[in-house]
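J.: Below is the structure I would like to discuss, written out as structure tokens.
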Amino acid sequence: MLKPLKLSRTFLTNPKNDSNALVVEGWDWDFGDEARLLLHRDRPHYPRPLHPLFHTLFRPATNPAWLKPITHTARPAFSLGLPWEIFRLSVSVSPLSPAPRVVDLYTKQGVIGQYQRLLALSPNHGVGYARLVGGPQVAAS
């Protein structure tokens with residue numbers, strides 16, 4: 001995944017020079033597998049259209065199956081996929097239109113120690129959002 005997305009400053013192990021890395025307490029925990037580290041220099045690669053991203057990482061024929069929910073919750077707006085949480089939103093097409101349009105957002109979030117990440121994708125619109133943060137405030141929230 002790192003090569004196709006050209007993430008040359010993202011490492012699976014500790015880099016030799018971590019002077020521009022976001023290093024917080026506990027970053028060297030042993031989880032039994034290699035943990036990923038994203039350096040600030042790779043950040044400009046993230047805000048790009050998702051359609052090229054999906055086509056870079058996945059065969060287009062598999063994308064619809066990969067994004068389908070595996071189960072639904074008691075609320076119609078929430079479903080679960082693998083590995084996504086899917087939020088179904090009703091969005092007004094325009095201020096004058098009474099008919100809403102349904103938009104699916106695929107999200108994934110998590111916290112490990114003092115690192116937190118949030119990813120939200122809207123494949124139908126080819127847009128997404130990624131937030132990667134670290135520090136004591138993350139552990140407190």
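The values are calculated or read from the model by the stated rules, or taken from the named source; none is laboratory data. What you see is a predicted model; the values in this text were computed from it and never measured. Because the Cβ atoms are built from the backbone with ideal geometry, glycine has one as well, and the counts that use them run over all protein chains shown.
J.: Determine which single condition VAL91 fails, assuming it passes every other condition in (1) out of contact with any Pro (no Cβ under 7 Å at 6 or more places or on another chain); (2) within 28 Å of LYS68 (Cβ to Cβ); (3) of a type in the set (Val, Ile, Thr).
T.: (1)
J.: All but one of (1) in contact with a helix residue (DSSP H, G or I) (Cβ under 6 Å, 6 or more places away or on another chain); (2) modelled with pLDDT of 60 or more; (3) aromatic (Phe, Trp, Tyr) hold for PHE54; state the number of the condition that does not hold.
T.: (2)
J.: Let me ask another. For the stretch 113-126, which residues satisfy the criterion of being assigned to a strand (DSSP E or B) and surrounded by 15 or more Cβ atoms within 10 Å (Cβ to Cβ)?
T.: If the condition is that a residue be assigned to a strand (DSSP E or B) and surrounded by 15 or more Cβ atoms within 10 Å (Cβ to Cβ), then TYR115, GLN116, ARG117, LEU119, ALA120, LEU121, SER122 are the ones that fit.
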